[in-house]
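For reference, the structure is listed below as structure tokens.
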Amino acid sequence: MTEPRWSLAIHGGAGSMVPGSLSPEQEAQTLAALGRALDAGIAVLGADGAALDAVEAAVRVLEDDPHFNAGRGAVFTYHGTNELDAAIMDGATRAAGAVAGVTHTRSPVELARAVMEHSPHVFLSGAGAEEFAREQQIEQVDPDWFATPERWRQLQELKAKKLGWFDVDLKYGTVGAVARDAAGHVAAATSTGGLTGKRWGRIGDSPVIGAGTYADDRSGAVSATGAGEFFIREGVAHEICARMRLAGEGVQQAADTVIGDVGALGGDGGVIVVGADGTTAFSFNTSGLYRGRADNMGLREIGIYTSVS
Ligand code: ASP
């Protein structure tokens, strides 16, 4: 079988969505946003651009869209703030950048990339990360930019029902992208508001290199979504890449095995994966995963539920 010259997969979060649980408008708007994110990545890859630029472009579209739990539309912390986490990784060099707990940076993935390219570090957090953002002249916004009425309602519901530490309705919504470009390089990016009602400076898997995000030209690239604590403990993204590189597993097999392990620990969620050969795969143990994929050979798929919708 011929390999695609380039390929791209995106996600907008795993969750308990089933056909009929979203209003027709919500469903249409979400699918349209996934389509726009896919197009942003395709525009880069189709012009022989870099996988790194493609994953950043796709994630930035979803960060700005209020339907997803990243950037605008991020979930609220217990104290009613939005604290954003993001990561990006370049499979060619295994350079990586990540930020956690930022509150004013419009595009956390842009800041993660600046950490990778313009700092000597991999991972910055909180006020220091935003001091760096200002130095780098990365767009800062009033925190109101991120807030949406629907996310506020979800926080009030969680508090009223005393639902515990996790969003038991599994309304994730983290966003991510993985790509392989025409030069054969892979990249991954992930951005999130974390979990509704989080506190104590909680950080999930999304910005943790090797857990929610990983890329290595020798194997592939992964972006995850789900109950972050389990994804950190499993080292999901690195584990999938390691299985492909060391055990010779294919993308789907590696992804399914690791999501199976996460499930065995008690965690829910999913991943998008691209292999070094450009093969893409989705794997999730929730009923839904907002997702899309495309390649230069005419593949274009957007879906939400277990079967492609
Ligand atoms: N994985 C994210 C976290 O734990 C949540 C999500 O996927 O929506 O912060």
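Key figures
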read-out	value
Mean Cα-pair separation over length for segment 209-249, i.e. relative contact order, pairs under 8 Å, 6 or more apart, %	47 percent
Residue with peak Gaussian network fluctuation, the chain [Cα springs, cutoff 10 Å], from ARG180, ARG72, ARG218	ARG218
Carbon/sulfur fraction of accessible area - the chain, other protein chains in place, 1.4 Å, %	53 percent
Convex hull volume per residue in cubic angstrom - Cα atoms of segment 155-264	102 Å³
Accessible area (Å², per residue) of the chain, counting only protein heavy atoms and a probe of 1.4 Å	38 Å²
Ratio Rg/Rh, restricted to segment 1-139 and using Cα atoms, in which Rh is the Kirkwood radius	1.00
Where only C-alpha atoms are counted, convex hull volume of the chain per residue in Å³	116 Å³
Cα centroid separation - segment 138-160 against segment 111-133, whole Å	23 Å
Protection proxy ranking of 284-294, 239-249, 8-18, 114-124 - average other beta-carbon atoms within 10 Å, highest first	8-18, 284-294, 239-249, 114-124
GNM top mover of LEU111, LEU22, LEU52 - the chain, alpha-carbon springs below 10 Å	LEU22
Kirkwood Rh and Cα Rg combined as Rg over Rh, evaluated for segment 184-238	1.03
Order by protection proxy (mean Cβ within 10 Å, highest first), peptides 155-161, 97-103	97-103, 155-161
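The values are calculated or read from the model by the stated rules, or taken from the named source; none is laboratory data. Quantities reported herein were computed from a predicted structural model and do not represent experimental measurements. Glycine gets a Cβ as well: all are built from the backbone with ideal geometry, and neighbour counts include every protein chain shown. Accessible surface is based on the protein model in full, side chains and every heavy atom, while ligands, DNA and RNA are left aside. Shrake-Rupley method; radii C 1.70, N 1.55, O 1.52, S 1.80 Å.
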